[in-house]
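The values are calculated or read from the model by the stated rules, or taken from the named source; none is laboratory data. All of these numbers come straight from a predicted model, not from anything done at the bench. Please note: Cβ atoms are built from the backbone with ideal geometry, for glycine as well, and neighbour counts cover all protein chains shown.
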Ligand code: HEM
């Protein structure tokens, strides 16, 4: 297993900075039923949460090993899109299915739970209130059987 070193975590951080916020312009107007999207701070807030999430992953020795070969820019873009869509925002998820993406990773239940903890840490860092966090987690929960033990 490759342990996260300070230089690899610096690479994570540098990658985030280089990517910038060019996804912000992707979604301009929000349709009705977007209360959760608004409470997450819209595209700007979701982008910040996703960047915090990638940062948290970068410091978790066990979870980050799954991402050693990952195109982080793509992961960032697709995760933002997914959160935007499930929260009622004006985005359509254009990534691969959760089963396709996570097959052959053998993600355990404990790893799944840990990853959710990292997302919670990311939302805490963004100052998202816990009831709002719970709404997003409830909307992502149906992905669980598509991700673990694949
Ligand atoms: C709520 C749970 C999760 C959600 C909503 C989620 C969502 C996503 C999304 C949207 C992508 C990008 C798909 C694409 O590129 O088309 C992705 C990729 C990925 N996910 Fe997850 N994921 C979750 C849990 C996990 C867990 C628990 C792990 C491992 C511990 C994991 C590891 C990965 C990796 C390594 C990739 C990149 C795959 C690649 O390199 O092509 N994910 N995930």
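Can you tell me how many residues in segment 110-128 are closer than 20 Å to residue 35 by Cα and free of Cβ contacts under 8 Å to residues at least 24 places away in the same chain?
Residues that pass the stated criteria total 3.
So which residues in segment 91-100 are touching a residue at least 40 places away in the same chain (Cβ under 8 Å) and either under 14 Å from residue 66 (Cβ atoms) or surrounded by 14 or more Cβ atoms within 10 Å (Cβ to Cβ) (or both)?
Let us first name the residues in segment 91-100 that are touching a residue at least 40 places away in the same chain (Cβ under 8 Å), namely 91, 97-99.
91, 98 - these are the residues of segment 91-100 that are touching a residue at least 40 places away in the same chain (Cβ under 8 Å) and either under 14 Å from residue 66 (Cβ atoms) or surrounded by 14 or more Cβ atoms within 10 Å (Cβ to Cβ) (or both).
So, in segment 64-90, how many residues would count as being surrounded by fewer than 19 Cβ atoms within 10 Å (Cβ to Cβ) and over 21 Å from residue 139 (Cα atoms)?
Selection size over segment 64-90: 10.
Can you tell me which residues in segment 70-91 are more than 17 Å from residue 116 (Cα to Cα), in contact with a helix residue (DSSP H, G or I) (Cβ under 6 Å, 6 or more places away or on another chain) and assigned to a loop (DSSP other than H, G, I, E, B)?
Passing the criteria: 88, 89, 91.
Table: residues versus (1) closer than 20 Å to residue 133 by Cβ; (2) within 16 Å of the ligand (Cβ to nearest atom); (3) at pLDDT below 55; (4) in contact with a helix residue (DSSP H, G or I) (Cβ under 8 Å, 6 or more places away or on another chain).
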{"site": "11", "(1), (2), (3), (4)": "no, yes, no, no"}
{"site": "22", "(1), (2), (3), (4)": "no, no, yes, no"}
{"site": "35", "(1), (2), (3), (4)": "yes, no, no, no"}
{"site": "39", "(1), (2), (3), (4)": "yes, no, no, yes"}
{"site": "44", "(1), (2), (3), (4)": "yes, no, no, yes"}
{"site": "52", "(1), (2), (3), (4)": "yes, yes, no, yes"}
{"site": "68", "(1), (2), (3), (4)": "no, yes, no, no"}
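Here are some residues: 124, 113, 62. Which one is more than 14 Å from the ligand (Cβ to nearest atom) and part of a helix (DSSP H, G or I)?
Exactly one of 124, 113, 62 is more than 14 Å from the ligand (Cβ to nearest atom) and part of a helix (DSSP H, G or I), namely 124.
Go through segment 129-141 and give me each residue that's under 14 Å from residue 87 (Cα atoms) and either within 11 Å of the ligand (Cβ to nearest atom) or free of Cβ contacts under 8 Å to residues at least 12 places away in the same chain (or both).
Answer for segment 129-141, where residues must be under 14 Å from residue 87 (Cα atoms) and either within 11 Å of the ligand (Cβ to nearest atom) or free of Cβ contacts under 8 Å to residues at least 12 places away in the same chain (or both): 131, 134, 136, 137, 138, 139, 140, 141.
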